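Shown next, in structure tokens, is the structure this report addresses.
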Amino acid sequence: MYLYNSATHKKEEFKTHTPGRVEMYTCGPTVYHFAHIGNLRSYIMEDALEKFLRYEGYDVNRVMNITDVGHLASDADTGEDKMLKGARRENKSVMDIARFYTGAFFDDCAKLNIKTPDVVQPATGLIDEFIKVVSGLIEKGYAYAAGGNVYFDTSRLDRYYVFNDHDEEDLAVGVREGVEEDANKRNKNDFVLWFTKCKFEDQALKWDSPWGVGYPGWHIECSCISMKYNGEYLDLHCGGVDNAFPHHTNEIAQSEAYLGHPWCAQWFHVHHLNTNSGKMSKSKGEFLTVSLLEEKGYDPLAYRFFCLQSHYRKGLVFSWENLDNAAGAYHKLIKRIAALTGTDGGVDEEAAAQMKEKFLAQVGNDLNTSMGITCLYDVLKAPVNDVTKRAVLADFDRVLSLSLLEKAAALREKEAAQARTAGADGFTVQGEGDPAIDALVLQRAEAKKAKNFAEADRIRDELKARGIEITDVPGGAVWKRL
Ligand code: AMP
Ligand code: ZN
């Protein structure tokens, strides 16, 4: 495939260190709150990328961290640990918060058909490894202890800013806005690898280290977790675009300094989900979650469809109107697929291969998922039998993960159930979704129509004994459990 590489600012042919194998790393969530649908935009697009690579035949090893310590409020080295903030907000321990929001994150992922990575590693589970790498950086002269903390020395690098076209001065100012200087740093861009001194004495999570009791900086966790589970050569590193600087820049600095060779070849950054008032962010406190979408009656997969309709390298504006449009299109698509009921003939292999080739070329052009969706409509219009259409749609859904055939089958079942509850003269039964009760209510109506009142009463009594009340309404009956 061709993929834009934010380290080289070019679209390039995707290559891997070991042919046929992709070592892939994704920055995971900071689990101090629910993931918002902006975070999940990043995870949806990264999931589609992983699945496309698998679809192309790669063996993918995908690793993700869970940030449960060390991510400070500023993304740089100042402010409070976000986990501590979450714990205080809910009057719980940091580990309780971490456990709860990690579970909530994977529940959301499941609803959005986002596959769980092959390796998921919470930062607090690998502290010894971080200490080993920080010690190695000190030995190699890339890190120094000052004022109780350990810092990475950026002046030792030939090249520091990799993702940005801005000059160094601009970035340094941008990062430092409203943030106090740390007098221990030798260079303005140096960053903390290990904290033992911080102004928050109540830091909940602390470990012994050669530099005193403390906790790791945020950036070191991703380098160490990736080096441990992906090996020394990483093919593909993913994250939201806000991670590019300083987080990913610092990951490259410390990984390459430690390993002594280039580390990650390709960088994939997903642009933000924005609202009219700017980037959706957890720290602003007001954000949308998958549960909220569900409460409002949206299928989470309609949100996945919404994300896939736009390119990952463009900002995406969220509004209810935009989501309604996507949800409408998704449900119409499912309806059209549900109508593909033909069973005559086998799969037209030649036509299927042609459609697949087009899908590979379209989506393989910098993960163009919106063209992938267009390919679905092309299948619906293609002059082939329903068996072929269903097979090709299922095949494309290995990447898009919109549960196309499952949702279509569920829709057909729902319509059949509605038809079962409708009598010959249009008599309809509304209830609580139990076909056996619907059928009894219908039998009672038919008995009444045939003037068999004894039978009608018998059914009413039977339902009453089961705790069900029937109310006759014009054109039908409504039942409910008491
Ligand atoms: P966090 O939980 O804050 O560490 O963020 C988890 C992931 O979501 C990171 O890859 C971020 O870059 C990404 N992210 C944060 N805000 C947004 C947003 N508004 N749109 C898309 N991705 C985001
Ligand atoms: Zn990371």
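Note on Glu56: accessible area approximately 70 square angstrom, rounded to 10, probe 1.4 Å, nucleic acids and ligands left out. FRET efficiency for the pair Glu415 and Glu56, taken as 1/(1 + (r/R0)^6) with r the Cβ-Cβ distance and R0 = 45 Å, rounds to 0.75. Roughly what % antiparallel, to the nearest 5, for the DSSP beta bridges in the chain? Among the beta bridges of the chain, antiparallel pairing accounts for roughly 50 percent. For the range 2-270, the relative contact order is 26 percent, taking Cα pairs closer than 8 Å that sit 6 or more residues apart in sequence and dividing their mean separation by the residue count. Cross-link reach is defined here as a Cα-Cα straight distance under 30 Å, omitting same-chain residues fewer than 8 places apart; for Lys11 the lysines meeting it are Lys51, Lys115, Lys228, Lys279, Lys314, Lys356, Lys358.
Residues whose amide H comes within less than 5 Å of that of Phe191, counting only those at least five positions distant or on another chain, are Phe152, Thr154 (H built at 1.01 Å from N in the peptide plane). Under the simplified labelling scheme, the Lys15-Arg88 pair shows an inter-label distance of 5.0 nm, with each label point 7 Å from Cα along Cα→Cβ. When only Cα pairs below 8 angstrom with a gap of at least 6 residues are kept, the chain shows a relative contact order of 16 percent. Placing pseudo-labels 7 Å out from each Cα toward the beta carbon at Glu321 and Tyr377 gives an inter-label distance of 2.0 nm. Could you pull out which residues in the range 114-142 have an amide N less than 18 Å from a spot 7 Å beyond the Cα of Tyr233, following the Cα-Cβ vector? Hits in the range 114-142 for Tyr233 at 18 Å: none. Charge dipole (Cα centre; +1 on Lys/Arg Cβ, -1 on Asp/Glu Cβ; no other charges) of the chain amounts to roughly 1220 debye. For Asp208 and Lys140, FRET efficiency with R0 = 22 Å and r from the beta-carbon atoms, rounded to 0.05? Taking R0 as 22 Å, the efficiency between Lys140 and Asp208 is 0.45.
Ignoring ligands, DNA and RNA, how do Arg398, Arg412 rank by accessible area with a 1.4 Å probe, largest first? The partial results should precede the final answer.
On the way: Arg398 120, Arg412 85 Å².
Highest to lowest solvent-accessible surface, that is Arg398, Arg412.
For Ile470, nonlocal amide neighbours, meaning residues 5 or more places apart or on other chains whose placed amide H falls under 5 Å from its own, do not occur. Against the main long axis of the alpha-carbon atoms of the chain, helix 218-230 sits at an angle near 70°. Treating r as the C-beta distance of Asp118 and Ala339 and R0 as 35 Å, the FRET efficiency rounds to 0.40. Using Cα positions and a limit of under 17 Å, work out the lysines in reach of Lys335, with same-chain residues fewer than 8 apart set aside. Of all the lysines, those that pass the test against Lys335 - Cα under 17 Å, at least 8 places apart if same chain - are Lys381, Lys389, Lys407, Lys414. Working note: Karplus 6.51/-1.76/1.60 with θ = phi - 60° gives the range 245-261 the couplings 9, x, 4, 6, 4, 6, 4, 5, 3, 6, 5, 5, 5, 6, 7, x, 7 Hz, where Gly and Pro are set to x.
Taking His33, His17 and ordering them by how much accessible surface each has at a 1.4 Å probe, largest first, produces His17, His33.
Can you tell me how much longer the chain between Asp434 and Leu292 gets when fully stretched, taken as 0.36 nm per residue apart minus their C-alpha distance, in nm with one decimal?
Values: separation 142, 0.36 × 142 = 51.12 nm, distance 2.71 nm.
Gain on stretching Asp434 to Leu292: 48.4 nm.
Measuring with a 1.4 angstrom probe and ignoring ligands and nucleic acids, Lys11 comes out at about 100 Å² accessible. Working note: Karplus 6.51/-1.76/1.60 with θ = phi - 60° gives the range 439-451 the couplings 5, 5, 4, 5, 4, 4, 5, 5, 5, 5, 5, 7, 6 Hz, where Gly and Pro are set to x. Between Leu259 and Lys480, the modelled label-to-label distance comes to 6.3 nm, taking each label 7 Å out from Cα in the direction of the beta carbon. Note on Lys381: accessible area is roughly 140 Å² with a 1.4 Å probe, heavy atoms of protein only.
Note on surface exposure: Phe34, Phe427, Phe130 rank Phe34, Phe427, Phe130 by accessible area, highest first, 1.4 Å probe. Against the chain, whose longest principal axis comes from its Cα atoms, helix 404-420 is set at around 30 degrees.
Can you tell me the relative contact order of the range 418-481? Whole percent, Cα pairs under 8 Å, sequence separation 6 or more.
Result for the range 418-481 is 35 percent.
Among the protein heavy atoms of the range 1-129, carbon and sulfur supply 51% of the accessible surface, probe 1.4 Å, non-protein parts ignored.
Charge dipole of the range 300-414 (Cα centre as origin; +1 on each Lys and Arg Cβ, -1 on each Asp and Glu Cβ, all else neutral): 360 debye, rounded to the nearest 20. Counting only protein heavy atoms and a probe of 1.4 Å, the accessible surface of the range 300-414 is 52% carbon and sulfur. Shape class of the range 300-414 from the Cα gyration tensor (axes a ≥ b ≥ c, square roots of the eigenvalues): oblate, since a/c reaches 1.5 or more and a/b does not exceed b/c. Of the GluC sites (Glu not before Pro) found in the range 419-482, those in coil by DSSP whose Cβ has at most 13 other Cβ atoms within 10 Å are Glu432. Going by the alpha-carbon gyration tensor, a ≥ b ≥ c the square roots of its eigenvalues, is the range 418-481 rounded (a/c under 1.5) or, if a/c is not under 1.5, prolate (a/b greater than b/c) versus oblate? Oblate, because a/c is 1.5 or more while a/b does not exceed b/c.
In the chain, the longest principal axis of the Cα atoms and the axis of helix 453-465 are about 20 degrees apart.
Name the shape class, rounded, prolate or oblate, that the alpha-carbon gyration tensor gives for the chain, where a ≥ b ≥ c are the square roots of its eigenvalues, rounded holds for a/c under 1.5, and otherwise prolate holds if a/b is larger than b/c and oblate otherwise.
Prolate, since a/c reaches 1.5 and a/b exceeds b/c.
Summarising the amide proton neighbourhood of Gln121: residues at separation of 5 or more, or on other chains, whose placed amide H is nearer than 5 Å comprise Met64, Asn65, Ile66.
The values are calculated or read from the model by the stated rules, or taken from the named source; none is laboratory data. Model, not experiment: these values are computed from the prediction. Reconstructed Cβ throughout: ideal geometry from the backbone, glycine too, with neighbour counts over all protein chains shown. Note: accessible area is taken over every heavy atom of the protein model, side chains too, but ligands, DNA and RNA are not part of it. Shrake-Rupley method; radii C 1.70, N 1.55, O 1.52, S 1.80 Å.
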